[in-house]
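Asker: For reference, the structure I am asking about is given below.
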Amino acid sequence: MRKGIMILLIIFGVLSTMWAQSVITAFDRDTLFCAGLSATRGGFGLSAVDSYVVIDSTIINYFTRVLTYGGGLFGGGGTTIPAFFLDGNIYSANPYPPTGVDTVSPQNTEYSEIENILIADWWLADSTVQFTQTIYPFSVDSQGAAIIRYSIINHDTVSHQVGAMLFLDTNIDGVDDAPFVYPGIEVESTLVMDEEDIPPYFQVYEIGPWVPDDSQTVARIILDGLPNIKPQRLAICDQRTGLGTVAWDLDVLPAEPISDGMIIIQWGPENIEPGEGITYATTYGLAPEGEFIGGPLGGRVEMPYSTRIFHCELIPNPFSASVLFRNNTDSTMYNIYTKLETHHTGVSIDPDTMMFLADSMLSSEIVPINWTVSLDSLPVTDTSLVCTLWAWAETVITDGVLDTIHTIIPREITVPGATYQGPTAEIIYPLDNTFTSNVFQPLCIYLTDDDTTVAELSIRLGFIDPTTGEPLPWEIRPGLGGCTYENDTLYFPHEVYRSDGERVIYYLRPTYDMRGCPLDPTVSARYVVDLSPPELGYSYWYPPDDSVMEDSLLIAWINVIDRINRIDTLSLSVTIEEDESTHTHWFTDTTRDYYDSLLSYDFDTSFLYIDPLSEGWRFPDGPVTITLDSVCDLPDYGDPNCATFTPQSWSFIVNAHGPRAYPRTPDDGWFVSILSPDITFYLYDGNGIDPTSVLYEVDGDTFPAPEDYDWHDSIIVHTPDVSWDDGYEVEVEVLSAIDSFGKILDTTSNYFWSFTIDTSIPTGEMIVPAEGETISTPAPMVKLYLHDEYAGVADTSIVLTIDGVEWTVDGSTLIYDAVGETLTWDGAAVGASLAGSVEVCVYCFDKINMGEPNEMNYCSWFYVNRESPLVIFDPDFYSICTDDAPLSVIISDEDGVEGSSIAITIGDDTLDLDEPELSYDGGSEILTFTPTSSYWGMDGDSVEFCVISAADIYWNSISSPVCRTFIVDLYPPEVGPIDIIAYTHSDYPGILDSTDFWFYYTNEVGTIDSASVTVEIYLDDVLEGSFNLLDYPEILWIEGDSVVIFAPGAEFTFEEDNTYTICLTLEDQCYAGYHEETTTCTLYYATEIQDKPITPHRTTILPNYPDPFNASTIIPVHLGKMSYAELQIFDVQGRLIKTLWNDVLPQGITNFRWDGTNSDGKIMSSGVYFVRLRTPTATMITRMSLIK
């Protein structure tokens, strides 16, 4: 017995003995909601007594929750009873029906473990109309429920009128008179409703809808919304009256109070055509627990917490959201509004607007309202749907003043995702329109579902009578006849003996997945059983045995047939006696067009043809034997059936022509490098040759057949006794030969041919470039002339080596034109980059057919000059120091510079060597521009000098202009004041430690030549020391662009009480022209001092930093003593830009920052700016550069 049934029998074991008939049960594992079914009744709920059940080794406790009357499965009388309408007759499972009703028992009751459903079948109207009841327990929002479904199928050939009715006796945990309630409706006496008045559901409360007792049991009967089918009529009445009175007409019910509640649900009657089906359904079970809302405007909210998928449909959808609003205050509420809304797309709420609930609600008054929520688009993945309930009302505070109160209730509903697609099926074997040689042919179908599993109990294999096309009255499902369904594979061994030629048609009947989604489309196939091999046809073969045929192009055939399937493999051999020619072909193609160049099989006529002409072949003279070695058919499944009459042979003789001759070596047109080659040729006839009739001629001399000539061997070898010269053409001709039938030499054969002696080697010559030629292209086109007098050059033998790299003829990079006898190599195509001396070598040989080829090795060379001239400016100098100074640049090339290629630009002027100011000395490689007058402009001007064109004598030109920007610097630097800074020893205060000399200078435009900066020290006109900046960078350096600092330190010792002359010499860097050296001297008296380290005693502007600058710069100012000072910025036109300071400054260094703006905050443009410092005793100016 199945596990599910075992569990439920434990649950109901103490109770099921109350039933008169055997009971089958099912339950939902999540909620332990139970359903039971006997031949007459069904029941719902949990166990009637406290108990427990063991599931998967876990003890689950639960308590009594009964939804139908305690009888039957739960002890006592009726529970749920179906009744059926058929053509005016009423049939019921009620064993004590009212008058006019026939009691019927189901012919079948079963429990489907896979689908967890209870099934009962009734066959009425002589078993032509099938009524099926299914009960499916499941869970909704952690509450148990069951779908009760009635399916009616008309198997008859005429239409019928059918309907169904369900009697449901409610008993809520022992309460028989529990009221039926729908928001706004509370049933206390008999109620009959037509379809248009029937609400979506009724609820039955154990205690009452407004008793906030979590332990009470509430049942719900869902009447509308999938998967439920809304009934045409229903009645709520007393149970005894309903069962004892109602046959079909509900109007017979008397109006009376209800003490034992029952609901009667009626569908139909309606017409059902032959082959059609009708389904009715309702859901009954534990109601989703209502949520009590406290506060002034309270209520009870009932809507599902989740939905589920059943029979490939989302249920419930649509669903109801019901609210019973209640005034929980002691005063009256006014203007009550409410709204249910959601922000999810694909969801519609009806009504979807603000709803006016009531003008007023008295204290404790209840007002119901209901919405319908529909999911218009179903999710593929699990989704949480949030609905929010809003409610507003006004209450009186004092003196008629209204206060608004709000109620907001969010509710989350879980919606499962699914594809809503049923299983898919694919036939593995046998496929449609196939053949099998298996007596027992198994069937295999791949059957799977992407988002759930296939319901195994729904799988059925059906078969069709191939003669009538009607389904056979039997079917196969897993578990029967060896049929299995494992790993998504349906397998049926089909161990039924099949006869030769029998046709079998099978198909997969409607199949569903566990969510009820059907297979679409279904699959079917037909196959034929082939147990017989191919046979020899009535016509046998052609030509007949032992016949003599004079047509060497005759078409031979053999008649081979297969009465059921088709020919697959044919092994045929054609044997020519005394000739090693055997032609064999195996046909394995599955296209049914079995054909090659010699053999073909015609499926329409069942003839195998041997057609020599199709291959350009022919039957040779002599005996011919054709053997059909084997022939088999081609079943799609099982082993081939091979013929038993093979091998089958027949023979005939062909005499279509006289002897034939064909050259062997040398062949016609061959080139031979052997001066005296052996000449070999075929002379044959399938019917024999008379040796005395054979004559042949070589180079004009006639010869008979050799003494050892054997016509069976067919080969004649002639060894000449002469040597032929290079280029000599030798002719060979067969003059005569007669076969055994008297036929003379066949002149359609190659009885005359010639060959040429070739012992000379090919010759080569380089054409482009010429040998030894100098070119400037690094990727040139190279052409050579390759010639062979007789055979011609074999292009496959050519190997070209250029600069050490080998190339072979490929039709693109290296091309050989046999007609023009030129070999061309495209350097550009391969991206060659040649330079200097390039060697070109060619190896090749001629096209010799017999003997060793004649080889050639040839080499040549050319030169590639690919360097363009170099343009060189002095890299360290940029100044033009006199306005008429000549300016020079080096243009150098080892091959020499082509003077006519030189052109320059100076500013907007363009000049070449035709201009008198421009000259080029090829020996020194110097290009000089000599102005005839003042030319370079004003001090501080910029001049761009460009060499825009220059090439060597091979016209390798510079790739782009080479330019240098110069600055016109017409004035030498000026050295201003000199500061002497003395420092005392840190360990011996008051003792002189060192002295620095600060030489301040101004140089408006140019740059100081570092090599010129020299300090000389004299004592009494005698040079005591000389220090150059390049030699002594540690003690002599330029700080910024305004001061030279000399800090001799230990490099020079000043003798105490002596007066020294310290001289600084410097000059500008000049690319063109020159300035005189500037020399400035100062006296220095060396003595001990008693003060702290001495700072510069003069007022000055120290170098700013950074310089040039972009965002801002620091300007240090040193005052020898406290004084009034003014610090200002000017542009090159002398306009005041900004005043940085105008007040008293202390002695020492003060740093000022300038951010590049004027006095209005505007950012200044790039350029040179001047800083001016004014005090009562001095004025100093320095410059700085702003770069944007």
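Here's the yes/no breakdown for (1) within 29 Å of residue 454 (Cβ to Cβ); (2) crowded, with 19+ Cβ neighbours inside 10 Å; (3) outside the structural domain of residue 395 (by TED's automatic domain parsing):
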position	(1), (2), (3)
256	no, no, yes
263	no, yes, yes
274	no, no, yes
295	no, no, no
304	yes, yes, no
307	yes, yes, no
324	no, yes, no
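Asker: Restricting to region 933-957, give me the number of residues that are closer than 30 Å to residue 973 by Cα, polar (S, T, N, Q) and in contact with a Pro (Cβ under 8 Å, 6 or more places away or on another chain).
Answerer: 0
Let's see how each residue does on (1) at pLDDT below 85; (2) of a type in the set (A, V, I, L, M); (3) surrounded by fewer than 18 Cβ atoms within 10 Å (Cβ to Cβ):
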residue: 79; (1), (2), (3): yes, no, no
residue: 84; (1), (2), (3): no, no, no
residue: 98; (1), (2), (3): no, no, yes
residue: 108; (1), (2), (3): yes, no, yes
residue: 128; (1), (2), (3): yes, no, yes
residue: 131; (1), (2), (3): no, no, no
residue: 141; (1), (2), (3): yes, no, no
residue: 149; (1), (2), (3): no, no, no
residue: 152; (1), (2), (3): no, yes, no
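Asker: Looking only at residues in region 1125-1142 that are surrounded by fewer than 13 Cβ atoms within 10 Å (Cβ to Cβ) and at negative phi, which one is farthest from the chain's Cα centre (by Cα)?
Answerer: 1142
Asker: Give the residues of region 862-877 that are modelled with pLDDT of 85 or more and either of a type in the set (Ser, Thr, Tyr) or farther than 19 Å from residue 905 by Cα (or both), sorted by residue number.
Answerer: 862, 863, 864
Asker: Let me ask another. What residue, among those in region 86-96 that are crowded, with 18+ Cβ neighbours inside 10 Å and either outside the structural domain of residue 266 (by TED's automatic domain parsing) or touching an Asp or Glu at 6+ places or on another chain (Cβ under 8 Å) (or both), is farthest from residue 479 (Cα to Cα)?
Answerer: Checking each candidate, the answer is 90.
Table: residues versus (1) touching a helix residue (DSSP H, G or I) at 6+ places or on another chain (Cβ under 6 Å); (2) touching a residue at least 40 places away in the same chain (Cβ under 8 Å).
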position: 468; (1), (2): no, no
position: 475; (1), (2): no, no
position: 485; (1), (2): yes, no
position: 493; (1), (2): no, yes
position: 504; (1), (2): no, yes
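Asker: Within region 484-512, which residues are assigned to a strand (DSSP E or B) and of a type outside the set (D, E, K, R)?
Answerer: Across region 484-512, the qualifying residues are 484, 485, 489, 490, 491, 492, 504, 505, 506, 507, 508, 512.
Asker: Collect the residues in region 342-366 that are within 17 Å of residue 377 (Cα to Cα) and of a type outside the set (S, T, N, Q), keeping them in residue-number order.
Answerer: If the condition is that a residue be within 17 Å of residue 377 (Cα to Cα) and of a type outside the set (S, T, N, Q), then 343, 344, 346, 347, 349, 350 are the ones that fit.
Asker: Just wondering, is there one or more residues in region 154-162 that are within 56 Å of the chain's Cα centre (by Cα) and surrounded by 20 or more Cβ atoms within 10 Å (Cβ to Cβ)?
Answerer: Checked against the condition, which is being within 56 Å of the chain's Cα centre (by Cα) and surrounded by 20 or more Cβ atoms within 10 Å (Cβ to Cβ), region 154-162 yields at least one hit.
Asker: Right, something else. Please determine, by comparing only the residues of region 916-934 that are modelled with pLDDT of 90 or more and under 30 Å from residue 1132 (Cβ atoms), which one is surrounded by the fewest Cβ atoms within 10 Å (Cβ to Cβ).
Answerer: 931
Asker: Could I ask something else about it? Could you grab the pairs with beta carbons closer than 7 Å, sequence gap of 6+ or different chains, first residue in region 1154-1169 and in a loop (DSSP other than H, G, I, E, B), second one surrounded by 14 or more Cβ atoms within 10 Å (Cβ to Cβ) and of a type in the set (Ser, Thr, Tyr)?
Answerer: Every condition considered, the pairs that remain are 1164/1157.
Asker: Right, something else. Residues in region 727-777 that are farther than 30 Å from residue 867 by Cα, β-branched (Val, Ile, Thr) and within 60 Å of the chain's Cα centre (by Cα): how many?
Answerer: Number of matching residues: 1.
Asker: Now for a separate question. Failed condition for residue 796, given (1) part of a helix (DSSP H, G or I); (2) under 22 Å from residue 956 (Cα atoms), with all others met?
Answerer: (2)
Asker: Identify all residues within region 320-336 that are touching a Leu at 6+ places or on another chain (Cβ under 9 Å) and either of a type outside the set (S, T, N, Q) or in a strand (DSSP E or B) (or both); write none if there are none.
Answerer: 321, 323, 325, 326, 327, 333, 334, 335, 336
Asker: Is it the case that residue 178 is more than 58 Å from the chain's Cα centre (by Cα) and either surrounded by 23 or more Cβ atoms within 10 Å (Cβ to Cβ) or not assigned by TED's automatic domain parsing to the domain that holds residue 275 (or both)?
Answerer: yes
Asker: Something else: Can you tell me which of (1) surrounded by fewer than 18 Cβ atoms within 10 Å (Cβ to Cβ); (2) assigned by TED's automatic domain parsing to the domain that holds residue 459; (3) modelled with pLDDT under 85 is the one residue 515 doesn't meet?
Answerer: The failed condition is (1).
Asker: Then there is this: Please work out which one of (1) in contact with a strand residue (DSSP E or B) (Cβ under 9 Å, 6 or more places away or on another chain); (2) hydroxyl-bearing (Ser, Thr, Tyr); (3) under 30 Å from residue 352 (Cβ atoms); (4) in a loop (DSSP other than H, G, I, E, B) is the condition residue 404 fails and give its number.
Answerer: The one condition residue 404 does not meet is (4).
Asker: Evaluate region 464-483: report whether one residue or more is in contact with a Pro (Cβ under 7 Å, 6 or more places away or on another chain), aromatic (Phe, Trp, Tyr) and not in a loop (DSSP other than H, G, I, E, B).
Answerer: For region 464-483, residues in contact with a Pro (Cβ under 7 Å, 6 or more places away or on another chain), aromatic (Phe, Trp, Tyr) and not in a loop (DSSP other than H, G, I, E, B): absent.
Asker: What residue, among those in region 666-699 that are closer than 28 Å to residue 549 by Cβ and assigned to a strand (DSSP E or B), is farthest from the chain's Cα centre (by Cα)?
Answerer: Filtering first and then ranking leaves 689.
Asker: Can you find a residue in region 983-995 that is assigned by TED's automatic domain parsing to the domain that holds residue 1076 and hydrophobic (A, V, I, L, M, F, W, C)?
Answerer: Yes, there is a match, as at least one residue in region 983-995 is assigned by TED's automatic domain parsing to the domain that holds residue 1076 and hydrophobic (A, V, I, L, M, F, W, C).
Asker: Report those strands (runs of 3 or more DSSP E) wholly inside region 814-892 carrying at least 1 residues which are without any contact (Cβ under 8 Å) to a residue 60 or more places away in the chain, surrounded by 20 or more Cβ atoms within 10 Å (Cβ to Cβ) and β-branched (Val, Ile, Thr).
Answerer: Correct list: 836-845, 887-892.
Asker: Among 702, 627, 646, which is assigned to a strand (DSSP E or B), surrounded by 17 or more Cβ atoms within 10 Å (Cβ to Cβ) and among the hydroxyl-bearing types (Ser, Thr, Tyr)?
Answerer: None of the others qualify; the one that does is 627.
Asker: Something else about it: Give me the pairs, please: first residue somewhere in region 625-639 and at positive phi, second residue anywhere and assigned to a strand (DSSP E or B), beta-carbon distance under 8 Å, and either six or more positions apart or on two chains.
Answerer: 638/436
Asker: Would you confirm whether or not region 387-395 contains a residue that is in contact with a His (Cβ under 9 Å, 6 or more places away or on another chain) and of a type in the set (Ser, Thr, Tyr)?
Answerer: The answer is yes; a qualifying residue exists.
Asker: Does region 380-392 contain at least one residue that is farther than 26 Å from residue 199 by Cα and touching a residue at least 40 places away in the same chain (Cβ under 8 Å)?
Answerer: For region 380-392, residues farther than 26 Å from residue 199 by Cα and touching a residue at least 40 places away in the same chain (Cβ under 8 Å): present.
The values are calculated or read from the model by the stated rules, or taken from the named source; none is laboratory data. These numbers come from a predicted model, not from an experiment. Glycine also receives a Cβ, built like all others from the backbone with ideal geometry; neighbour counts cover every protein chain displayed.
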